[in-house]
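Below is one structure, written out as structure tokens; the observations come after it.
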Amino acid sequence: MTEILPVEIWKKVFGYLNKPTKYSASLCCATWRKLLVNEIPRPYSIHVVLDSSCSAIVKFRDEYSTCISICQCETHCNEHNDMLYLILDDVKDRLSCLMIEDMLLNRNNDSYLSQKTLSIILSKCGYNLRDLHFEEIDFNNIKAWCLAFMSIFHLERIVFKDCKFPEDNILNESFLLRSLAKSFEFLTHIEFTNSDFITDKFGMTIAKSCTKLEYFNLNGCPNMSSLTIVAFCENLQYHSKTFVHLSMIKTNINCDDLQRLLFSPLLRCGPNWRCCQVNISLGYQQPALVLENVKEPHLLMVILT
């Protein structure tokens, strides 16, 4: 059909299409892509969804809301990866927000993010990425070098929501921290939920290194304890923000241990912190700890179970 109709007619047809339809058309064939080259949208935000439809779908609403649905089956994976490559190559350094979500991880379907797909995404999304969000991603099939691509970014937000990590001698907590090291001075928002992959080593490193941090969510991480909170008490004086919100629901926090640690003579600032248990009204009563520095205008709020 493309070869039969003159280019002039195709240009006239494309002139009647709205922007989202033009975007989809530009991904159908090389000829259409060439005709629409000056009208291809370049979104700031992209949401990549893995599903079982086996039909690659691009939903462009505006520059801040673009959703790409792809599958990871052997039949279509290469074809969908090629499309993903084109989209990210168009965007390049314009992209600032990227979310990757596996909709099938907790279902019976055999679905996971492949090594090739993730390497294409992280290597092609440019250098200006500020917000990187992984949701329900299974990293058991991902090699460490692939996540090392994160080291080229200066991230302000990083989220690992309900992700699965391997028991690996290389891809471990220390490797993840090294991959994020270049972002430490920029990070304001970190979420790492429902995982035993990280420990207080992660929390203490973040407390010491991420001086712009405002929000730290560790809900459902059983290896996190009061030591992470103590690390923030020790280092908050070096932060640019005087208030940090920690969410540590379903972690290994013990209020008595925390109070004992704060009064330890080994801490240079422990006695300066006053710890109060409160209930915050969020439509329901949510237990929390408020830690206030009596000598400096520093405040920590820790949400508990």
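Consider the stretch 102-129. How many of its residues are touching a strand residue (DSSP E or B) at 6+ places or on another chain (Cβ under 7 Å) and either modelled with pLDDT of 95 or more or under 16 Å from Phe153 (Cβ atoms) (or both)? Residues in the stretch 102-129 being touching a strand residue (DSSP E or B) at 6+ places or on another chain (Cβ under 7 Å) and either modelled with pLDDT of 95 or more or under 16 Å from Phe153 (Cβ atoms) (or both): 3 in total.
A single entry from Leu299, Leu304, Leu291 fulfils the requirement of being within 22 Å of Ile190 (Cα to Cα), in contact with an Asp or Glu (Cβ under 6 Å, 6 or more places away or on another chain) and in contact (Cβ under 8 Å) with a residue 40 or more places away in the chain: Leu299. For the stretch 197-227, filtered to residues that are modelled with pLDDT under 95 and not hydrophobic (A, V, I, L, M, F, W, C), the residue that is surrounded by the most Cβ atoms within 10 Å (Cβ to Cβ) is Ser226.
Taken together, the residues in the stretch 53-64 that are surrounded by fewer than 18 Cβ atoms within 10 Å (Cβ to Cβ) and at pLDDT 80 or above amount to 8. Go through the stretch 254-291 and give me each residue that's closer than 23 Å to Thr211 by Cβ and within 30 Å of the chain's Cα centre (by Cα). Leu258, Leu289, Val290, Leu291, listed by residue number.
Out of curiosity, is Ile9 closer than 27 Å to His189 by Cβ, out of contact with any helix residue (DSSP H, G or I) (no Cβ under 8 Å at 6 or more places or on another chain) and in a helix (DSSP H, G or I)? When the stated conditions are applied, Ile9 does not pass them. A residue that is within 19 Å of Leu95 (Cβ to Cβ), surrounded by 17 or more Cβ atoms within 10 Å (Cβ to Cβ) and under 23 Å from the mean Cα position of the chain (by Cα) occurs somewhere in the stretch 70-78. For Ile158, the conditions (1) closer than 23 Å to Asp51 by Cβ; (2) within 14 Å of the chain's Cα centre (by Cα) all hold with the exception of (1).
The values are calculated or read from the model by the stated rules, or taken from the named source; none is laboratory data. The shown structure was predicted, so the numbers you read here are calculated from the model rather than taken from an experiment. Cβ atoms come from the backbone with ideal geometry, glycine included; neighbour counts cover every protein chain shown.
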